[in-house]
Amino acid sequence: MQTENTSVASDVYSLVTDKIIELLEAGTIPWHKPWTDAGLPRNLISKRPYRGINHLLLNAMGFSQNQFLTWKQLKTIGGSVKKGEKGILVVFNKMIEQQKEGETKIEKKSFLRYYKVFNVAQCNDIPSAFIPPSEQRDHEPLYECEQIIEGMADCPLIRHEDDEAHYVPALDYINMPHLSSFDSSPDYYGTLFHELIHSTGHQKRIGRKEVYENPHYGTEMYSLEELVAEMGSCYLKSHTGIPIAELENNAAYIRDWLEVFKGDKRIVVMAASRAQQAVEYILKVTEVKGEPEVVVLEVGE
């Protein structure tokens, strides 16, 4: 017995992964898209931010304002979708109660579902009271970066001993080139954030075997951890207000990532989840853990 039909018309993992692959093959790395001016992706009505893989998918759309809402929400406030515009994929986990035939025990299982949202730029007649002003940042991004580093619990030692950026799990330290050797201060902090994300994988912190087992370059474990670190770095850069400039695509890396994605279509969702967990560890975010994303859009799916 099931409380509701659990069948899903499309494989959600395939939908998400195919979109990421489409962007990569077009020469765009979605987690490298600039989104500071657009703000963090949020629901226009509930004001709640989208997280994990949804954060990446919505940022990759390149809208000038990262404000989204469902068709039902839009209808509620008197708006409409512009002709020819299509909804954007958003995924969430939903708990379903199941009871096997002949058994009395009811089990709860998590199913990945999806729905569609629209950016405010895709809509007509949204009342001006609902549209927030463009986000103005009057703080110094470098100061914000230093605050993150200083506030990280059990932050690894950061050295400047040679001309390479790397994290050493066995000794739990990060080496960085000197700030003066980078093209800009944001480049320095973006690289440092990448290494900080790696350090959260140490066994005394979150613990990711892709870090403490020290896999070889090019393996699936290595590729997954590099993807987690890149995505986590961009989350932190977005948090501090650093504009994420377009980077030159590393053809070899993209080729490797595409092969991994096509081999396991859950890899993007998995990496996004791990990157989010690492960032929340660094930022000491605890209040949002365990909340299903579906609550973002209770007024209309």
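The values are calculated or read from the model by the stated rules, or taken from the named source; none is laboratory data. Just so it is clear, the structure is predicted and the values come from calculations on it, not from any experiment. Cβ: placed from backbone, ideal geometry, glycine included. Neighbour counts: every protein chain shown. Just the protein is used for accessible areas: all its heavy atoms, side chains included, with ligands, DNA and RNA removed. Shrake-Rupley method; radii C 1.70, N 1.55, O 1.52, S 1.80 Å.
The table below lists the values:
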{"read-out": "Percent RCO, i.e. relative contact order, over region 87-223, from Cα pairs under 8 Å lying at least 6 residues apart", "value": "13"}
{"read-out": "Residue 205 - accessible surface, heavy atoms, 1.4 Å probe, Å² rounded to 10", "value": "20"}
{"read-out": "Extension gain, residue 284 back to residue 80 (0.36 nm per residue minus Cα-Cα distance, nm)", "value": "69.5 nm"}
{"read-out": "Rounded if a/c under 1.5, otherwise prolate or oblate - region 67-171, Cα gyration tensor axes", "value": "oblate"}
{"read-out": "Counted charge near residue 118, where neighbours are those whose Cβ lies closer than 10 Å (Asp, Glu -1; Lys, Arg +1)", "value": "+2"}
{"read-out": "Gain upon complete extension [residue 259, residue 18; 0.36 nm per residue less C-alpha separation]", "value": "85.5 nm"}
{"read-out": "Note, ³J(HN,Hα) from phi for region 268-273, Karplus 6.51, -1.76, 1.60, rounded to Hz, x at Gly and Pro", "value": "5, 4, 4, 5, 4, 5"}
{"read-out": "Among 150-156, 218-224, the order from most to least packed when residues are scored by Cβ within 10 Å on average", "value": "218-224, 150-156"}
{"read-out": "Label-point gap, in nm, between residue 172 and residue 203 - each point 7 angstrom along Cα→Cβ", "value": "1.1"}
{"read-out": "Hz values of 3J(HN,Hα) by residue in region 195-212 - Karplus curve (6.51, -1.76, 1.60), Gly and Pro given as x", "value": "6, 4, 4, 3, 5, 5, x, 4, 4, 7, 10, 6, x, 10, 5, 5, 9, 6"}
{"read-out": "Net length gained if the chain between residue 158 and residue 46 were fully extended (0.36 nm per residue, minus Cα distance)", "value": "36.4 nm"}
{"read-out": "Solvent exposure, largest accessible area first (probe 1.4 Å, DNA, RNA and ligands not counted), of 202, 178, 216", "value": "216, 178, 202"}
